[in-house]
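Enquirer: Please find one structure pasted underneath; my questions will follow.
The values are calculated or read from the model by the stated rules, or taken from the named source; none is laboratory data. Everything quoted here is computed from the prediction, not taken from an experiment. So basically every Cβ, Gly included, is an ideal-geometry build from the backbone, and we count neighbours across all protein chains shown. Each accessible area value is taken on the protein alone, full model and side chains, heavy atoms only, with ligands, DNA and RNA left out. Shrake-Rupley method; radii C 1.70, N 1.55, O 1.52, S 1.80 Å.
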Amino acid sequence: MPDDRDDDLDRDELRAALLDLLRLAALWESGALRRGLAETREADERLLSDIGDADGDGNTDMFVGTLPNLGPTSAIYRGDGSTLGAAPWWTDASRYRAGPAAILDVDGDGDGDLLLYAGEAVGPTGPQGLYFMRNDAGSYSTAWSDTSGTVPRAWALGDVDGDGDEDAVVMTSGTTLTLYRNDGAMLAAMGTPMGSTTGLRVLSLSFGDVDGDGDMDLAMARVGAGDAVWLNDGAGAFTPGWNASEVEDHDQARFIDWDGDGARDDLAVNGPSAPLRVYQWVCR
């Protein structure tokens, strides 16, 4: 199954639902992903971070990280179109990984590179930070890292500037959203601050075209304030466009096609202690 993140709901919603379900399964299994798509046979705590086409064969693979100091190194399990292999296709012994993580083809060579948060402060090796790892025929190497104290807690991937490749918006443990642009060959090592979220915790980000102008707008699930949507001007500059009147603690935001019009422009938010809500943009 090819890995795309376009404006049809099927692949993207399946991806989001699969990630959520597998995270729940991991918790239920005391952290070990022992059932479902693959059997890792690990007794230690694991963290599913992303699915995507890592090896460039057109099938969906799975990146599995590990919580700090608790078990084996992170690994990628290959998919053959119907199941995942029981043995890892790739492992990284350089440091322990704790998500989030994303598989994306930054340089357009057909295989999946990795953007991930790696190494806790209490970890055994390597400083914590944001790492971009390039995939060269199944061999991953660190292209750049930001270990200046950046601790990403949420991010979204999408073409924010209309040049045909995926960029990344990252929310750190502070209050700043940062845009990492993709020039078709490399993800920028120096991010561009997008603006402050005024001290509010943002726990989830999602891209969708809410206003129908053809570019990717950004939704935020927030704690301590209403959820929000920032509008994109088409070149990657965002301005606040909407805030929910309800002040609830949501930790998941997803753009979906709720009304069946073919556009992922409806916003679903949810949280463990907050109701599921679906908002529709009415000013298109």
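Enquirer: Could you tell me how many of the residues in the stretch 61-116 are surrounded by fewer than 17 Cβ atoms within 10 Å (Cβ to Cβ), of a type outside the set (Ser, Thr, Tyr) and either within 15 Å of SER139 (Cβ to Cβ) or at pLDDT 75 or above (or both)?
Expert: Here the count works out to 10.
Enquirer: Just to verify a result, which residue in the stretch 247-279, among those that are closer than 17 Å to ASP217 by Cβ and of a type in the set (Lys, Arg), is modelled with the lowest pLDDT?
Expert: ARG264
Enquirer: Six or more apart or on different chains, Cβ atoms under 6 Å: show the pairs whose first residue is in the stretch 252-281 and closer than 18 Å to GLY158 by Cα and whose second is at pLDDT 85 or above and of a type in the set (Ser, Thr, Tyr).
Expert: GLN252/SER204; ALA253/SER204; ALA253/SER206; ARG254/SER206; PHE255/SER206; LEU267/TYR279
Enquirer: Run ALA156 past the list (1) at pLDDT below 90; (2) more than 24 Å from PHE207 (Cα to Cα); (3) part of a strand (DSSP E or B) and report the number of the one that doesn't hold.
Expert: (2)
Enquirer: Step by step: first the residues of the stretch 199-213, then only those that are at pLDDT 85 or above and not in a strand (DSSP E or B), then the one that is surrounded by the most Cβ atoms within 10 Å (Cβ to Cβ). Which residue is that?
Expert: VAL210
Enquirer: Does any residue in the stretch 145-165 that is in contact (Cβ under 8 Å) with a residue 60 or more places away in the chain and crowded, with 16+ Cβ neighbours inside 10 Å come within less than 6 Å, Cβ to Cβ, of a residue that is of a type in the set (D, E, K, R) and part of a loop (DSSP other than H, G, I, E, B) six or more places away or on a different chain, and which pairs are these?
Expert: LEU157/GLU166
Enquirer: Sticking with this one: Does the stretch 185-198 contain at least one residue that is closer than 27 Å to LEU115 by Cα, open to solvent by 30 Å² or more (accessible area, probe 1.4 Å), touching a strand residue (DSSP E or B) at 6+ places or on another chain (Cβ under 9 Å) and in contact (Cβ under 8 Å) with a residue 60 or more places away in the chain?
Expert: yes
Enquirer: Could you list all residues from the stretch 214-243 that are assigned to a loop (DSSP other than H, G, I, E, B) and surrounded by 19 or more Cβ atoms within 10 Å (Cβ to Cβ)?
Expert: ASP215, MET216, ALA225, ASP227, GLY236
Enquirer: Filter the stretch 123-143 for residues that are part of a strand (DSSP E or B), open to solvent by 30 Å² or more (accessible area, probe 1.4 Å) and either modelled with pLDDT under 85 or not polar (S, T, N, Q) (or both) and give the result.
Expert: Result: ARG134, ASP136, ALA143.
Enquirer: Exactly one condition in (1) in a loop (DSSP other than H, G, I, E, B); (2) touching a helix residue (DSSP H, G or I) at 6+ places or on another chain (Cβ under 6 Å) is not met by ARG254; state its number.
Expert: (1)
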